[in-house]
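The values are calculated or read from the model by the stated rules, or taken from the named source; none is laboratory data. Small disclaimer: the values here were computed from a predicted structure and weren't measured. Neighbour counts run over all protein chains shown; Cβ positions are idealised from the backbone, glycine included. For the accessible areas, the whole protein counts, side chains as well, though only heavy atoms, and no ligand, DNA or RNA atoms are used. Shrake-Rupley method; radii C 1.70, N 1.55, O 1.52, S 1.80 Å.
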Amino acid sequence: MKKFLIISVLFASLVTMIAFAVSRDSHHVPYVLYTHWTAQSQFGGYIVASEKGFYRDEKLPIALHFDDSVHNAIDMLRSGKAQFVTTTLSNAYRARLEGLKLVNVMQTMHHCSYSLLSHNKLKSAKDLAGKDIYVWHGFDEIFCRAINGHLPSPARWHQIFTVLEAFRARAVDVIPITCYNEQSELEESGYEIKADNLIKVSDLGLDIAEDGVYCTEDFFNSHRDVVEAFIRASIKGWQYSMDNIEESVQMVLEKRRKFSLSVNHYHEINMMREIHRLLKDESGTPSFTLSENEFNGVRDLYRKYGNGTAQIIDYKEFYPWTR
Amino acid sequence: MDKIKSMAMRASFMVVAFVTIIFGILISSNIYFAIRDIEEKEHVQMYAETKYLAYRLINQVQSIESSVEAHEQALRHYLRDGDDVGEVMRDLLRRDKRLIECNVGLEPDHFLAKTLGNPEGLMYRAYREGDSIAVVIKPNDYHFQVQSFYFIPKHIKRNYWTEPVMSNGARIITFSHPLLDNDGRMFALLSVDLPLEVLVDTLQTAIKDDNAGFVYAIGKSGRYMVHPNNDFVLNETFVTNSREHDAPKFEAMCRKALAGASGTQYVEYGGKNFLDSYMYVNGLGWMVGIAKSWSAIVSDILKGVGYSILTFIVCMALLTLVMYKLMKQLTNMTAVKESFEKELFIAHDIQMGMLPRIFPAPPAHPNIDVFAYLNPAKEVGGDLYDIFLKKDKLHFIIGDVSGKGVPASLVMAITISLFRSMDNACSPVEVVTRINNSVAANNERNMFVTLIVGELDLETGHLCFCNAGHDPMLLLTEGSVERIPMLPNLPVGLMEDFPYRMNETDIKKGERLLLYTDGVAEAENPDKNLYTIERLMSLAEKLTDRSSRELIDSIQTDVTNFASGADQSDDITIMAIHYM
């Protein structure tokens with residue numbers, strides 16, 4: 001009887017373990033998409049795809065996790081806590097240079113959204129020479145070096161929190177802003193941005209593509225069907241957001257409420273429109289692909305300003321859909 | 001009947017419309033001035049309330065700033081001597097219960113930071129733990145130097161209130177006081193955290209009356225700190241709110257207020273008008289405002305106007321009813337009057353038809369030229385004349401019934417009828433006597449008639465006549481006029497069987513008799529002067545060579561000219577008999 005009991009318990013444990021293993025394959029444990037910033041319209045396509053059930057339609061359990069200002073997207077990918085992450089092209093390229101075998105599976109933003117804003121007039125980039133420029137944590141260092149490369153004497157770059165508050169309090173003079181977030185946030189606070197006080201980074205020849213979705217090369221190779229399904233559903237989400245902007249913004253706002261973030265309809269709808277503009281590549285339509293030209297842009301940036309990095313990454317390695 | 005009804009309706013409508021227009025003008029001007037007055041008062045009152053709120057908030061802010069600054073000297077002392085700065089922080093939290101946390105940050109080159117093994121600088125943190133206060137050193141990975149509460153005051157070198165942040169589900173605001181060295185460089189910073197409610201409750205509890213409008217406050221980031229719609233707080237900014245509600249004036253006003261201005265102004269928000277009063281809160285960098293909808297401001301007036309209009313409508317309904325009835329009566333009376341006038345007009349025609357109108361009156365006689373004229377003062381009158389010729393004798397009568405109008409005209413008709421019914425054998429006295437007896441019988445109204453009845457023998461020129469109280473006849477000879485003397489008698493109708501006396505005289509060929517009623521002599525001009533018998537005689541004197549018609553036409557014209565448009569007060573009758 002005792003033997004029978006022990007055998008029964010062992011058998012039950014075995015069945016449970018097998019069931020657990022099978023459940024992972026049956027996608028009961030969700031795949032994680034980790035965004036590199038908090039829930040906002042910048043990630044509208046994924047929120048829409050999740051809320052409208054486009055991932056579910058692909059039989060894909062996707063959990064959306066947003067940046068919590070503690071965990072970095074690249075680290076999440078490296079640690080295996082997220083299967084997909086969003087990040088900028090330059091950040092992803094640096095991560096690859098640093099040894100993380102990640103691949104771009106979808107390129108969303110095809111243009112550089114950054115500008116540099118000062119309280120004073122900026123006739124040209126030369127006016128930034130020797131200035132203190134205050135950037136937020138996570139601002140890509142390669143841009144600092146690249147911009148310095150355009151100046152007769154380098155600007156000094158500092159990282160602080162709450163860049164906009166410091167700027168509004170006139171504690172700092174020059175800050176970077178993105179066209180879809182900080183720029184409108186400043187204007188919405190009552191600050192009047194004058195065109196003379198602004199320099200677009202793209203005007204310095206640095207029109208580097210930004211946000212994309214990345215996974216590890218291993219995951220891509222072993223779960224290509226999952227990646228394909230994820231991309232199909234995400235594109236559907238973005239397209240839905242373009243056709244139904246108000247409904248999509250409401251989904252974003254609901255997410256922000258859930259995370260106790262500030263809820264501002266006007267801000268999010270403007271961000272969504274701006275993001276939709278950035279989704280369009282040179283052809284004027286959203287392609288969701290990373291072109292070789294866009295890749296070469298960031299490769300050249302690192303080649304020139306990457307602190308003597310000799311390593312060259314191949315486009316086909318970085319963008320596996322071409323293989 | 002329908003016509004009368006529609007006339008009454010029309011008249012009532014016009015009166016009501018007129019009264020409504022007058023009322024409309026009165027009520028509009030009243031409303032205009034009442035609204036202007038209440039708006040002026042509201043501007044003053046709301047501004048005073050806003051000022052009161054702003055000062056309450058400033059008091060709260062300044063008391064916290066003072067509370068922190070009061071510990072500066074002690075902190076400087078402790079930092080200089082390397083004593084436990086935690087004591088200063090504990091004291092601060094113990095004294096000011098509004099504060100939940102206190103921080104002291106030290107710059108990297110401060111000796112104490114180096115001594116404690118934090119060459120990058122360090123931050124002490126004091127916080128409440130139950131009833132006691134704990135003091136710790138924050139871990140290095142906190143990076144306090146790049147946090148806004150530290151970084152900003154360090155760079156602007158003055159006190160700084162941060163924008164509120166969410167921390168563990170609570171809304172926290174921080175006040176930072178930089179400690180500067182002799183060179184003006186910050187070497188340490190003392191800051192305190194407090195719940196945002198400490199400030200906003202000052203505003204929210206200040207005004208409880210709903211009619212006083214609602215209070216709002218906007219922080220330096222443009223975000224709402226206080227708003228009756230809680231979804232706005234720390235979410236909406238005045239710019240996003242204005243743009244989503246098409247309120248450019250409100251946006252401009254907030255910009256002005258956050259730049260340091262204060263005042264009151266009307267703004268449109270979401271299609272409604274609001275009176276906003278605003279004031280800048282120095283130090284904190286906020287603006288405080290009170291908004292009151294225009295409809296709420298004037299609601300009492302509009303309510304009063306509503307009652308007035310309701311009362312007016314009821315009054316107008318009653319007035320319309322009364323007017324309709326009155327106008328209907330008036331219209332009926334007018335119709336009756338018109339009908340009466342029509343009948344009088346017919347009576348006038350009948351009366352005139354009783355008088356000889358064709359001259360010479362048939363049968364024509366070569367020895368006579370007669371003409372007569374009668375112009376009643378009203379439609380019908382009491383004057384009379386008549387002539388007829390029988391057996392070479394001309395019988396004539398002229399008379400004036402007392403009174404005017406219909407009664408006089410009836411007596412006139414009776415008199416003429418009696419005159420005509422007389423036998424030609426009757427002498428004038430007999431005729432007058434008979435008329436007198438007929439009129440006097442049953443003469444309850446005491447009406448009487450003055451008259452002359454005469455008989456002229458056209459062969460001999462013998463004239464016999466009886467004058468019953470009438471004006472004397474005039475005898476016109478060539479170039480002269482004289483009254484024919486006569487025996488006085490009573491007018492007919494006054495006394496039955498009165499013994500009338502006869503007058504007799506002879507007139508020569510070429511002489512004229514002129515008979516008239518008192519309407520001629522008593523015709524008035526606008527100055528109330530009388531025409532007089534003397535004027536008649538004087539005129540007649542110049543016209544002795546004229547035919548009877550020409551004579552009477554001239555007299556008639558002269559009387560008309562004399563009257564110069566003055567109302568004719570009595571009937572006028574003139575008769576001329578030319579014996580040829």
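Among the residues of the range B:147-178, how many are open to solvent by less than 30 Å² (accessible area, probe 1.4 Å) and over 24 Å from B:ILE58 (Cβ atoms)?
The total comes to 2.
Can you spot a residue in the range A:255-275 that is modelled with pLDDT of 95 or more, more than 17 Å from the chain's Cα centre (by Cα) and among the aliphatic types (A, V, I, L, M)?
yes
Identify all residues within the range A:36-65 that are surrounded by fewer than 24 Cβ atoms within 10 Å (Cβ to Cβ) and among the hydroxyl-bearing types (Ser, Thr, Tyr); write none if there are none.
The answer is A:THR38, A:SER50.
To keep it simple, each residue is scored yes or no on (1) touching a residue at least 12 places away in the same chain (Cβ under 8 Å); (2) touching a Phe, Trp or Tyr at 6+ places or on another chain (Cβ under 8 Å); (3) on the phi < 0 side of the Ramachandran plot.
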| position | (1), (2), (3) |
| --- | --- |
| B:VAL432 | yes, yes, yes |
| B:ILE435 | yes, yes, yes |
| B:ASN442 | no, no, no |
| B:ASN446 | yes, no, no |
| B:ASP457 | yes, no, yes |
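Scan the range B:490-527 residue by residue and report those that are outside any helix (DSSP H, G or I), under 60 Å from the mean Cα position of the chain (by Cα) and among the hydrophobic types (A, V, I, L, M, F, W, C).
Selection gives B:ALA523 alone.
Of the residues B:ALA247, B:ALA252, which is closer than 22 Å to A:GLU187 by Cα, within 14 Å of chain A (Cβ to nearest Cβ) and open to solvent by 30 Å² or more (accessible area, probe 1.4 Å)?
Within the list B:ALA247, B:ALA252, the selection yields B:ALA252.
So for the range B:266-280 (the condition being within 11 Å of chain A (Cβ to nearest Cβ), of a type in the set (Lys, Arg) and either surrounded by fewer than 21 Cβ atoms within 10 Å (Cβ to Cβ) or not in a strand (DSSP E or B) (or both)), does at least one residue qualify?
no
Run down A:THR162, A:THR178 and say which single residue is among the polar types (S, T, N, Q) and within 13 Å of chain B (Cβ to nearest Cβ). Break it down into steps so the answer makes sense when it comes.
Details: A:THR178 fails: within 13 Å of chain B (Cβ to nearest Cβ).
Criteria check complete, one pass: A:THR162.
Can we say A:ILE235 is modelled with pLDDT of 95 or more, β-branched (Val, Ile, Thr) and open to solvent by 20 Å² or more (accessible area, probe 1.4 Å)?
Here the answer is yes, as A:ILE235 does meet what is asked.
Exactly one of (1) in contact with a strand residue (DSSP E or B) (Cβ under 8 Å, 6 or more places away or on another chain); (2) modelled with pLDDT under 90 is unmet by B:GLU478. Its number?
Status for B:GLU478: all satisfied but (1).
Output the number of residues of the range B:113-130 satisfying the condition of being farther than 15 Å from B:GLY82 by Cβ and either open to solvent by 50 Å² or more (accessible area, probe 1.4 Å) or modelled with pLDDT of 90 or more (or both).
Going through the range B:113-130, the residues farther than 15 Å from B:GLY82 by Cβ turn out to be B:119-121, B:123, B:125-130.
From what's left, either open to solvent by 50 Å² or more (accessible area, probe 1.4 Å) or modelled with pLDDT of 90 or more (or both): B:119-120, B:123, B:125-130.
Number satisfying all stated conditions: 9.
List the strands (runs of 3 or more DSSP E) that sit entirely inside the range A:159-222 and contain at least 2 residues that are more than 30 Å from A:GLN83 (Cα to Cα), touching a strand residue (DSSP E or B) at 6+ places or on another chain (Cβ under 6 Å) and open to solvent by 30 Å² or more (accessible area, probe 1.4 Å).
A:198-200
Considering only residues that are under 21 Å from B:ASP553 (Cβ atoms) and of a type in the set (A, V, I, L, M), look in the range B:347-362 and name the one that is modelled with the highest pLDDT.
B:LEU355
Considering the range B:423-457 alone, what residues qualify as being touching a strand residue (DSSP E or B) at 6+ places or on another chain (Cβ under 6 Å) and within 29 Å of B:LYS509 (Cβ to Cβ)? First the steps, then the outcome.
Taking the range B:423-457 and keeping what is touching a strand residue (DSSP E or B) at 6+ places or on another chain (Cβ under 6 Å), we get B:424, B:428-429, B:431-432, B:435-436, B:439, B:449-457.
The answer is B:ASN424, B:PRO428, B:VAL429, B:VAL431, B:VAL432, B:LEU451, B:ILE452, B:VAL453, B:GLY454, B:GLU455, B:LEU456, B:ASP457.
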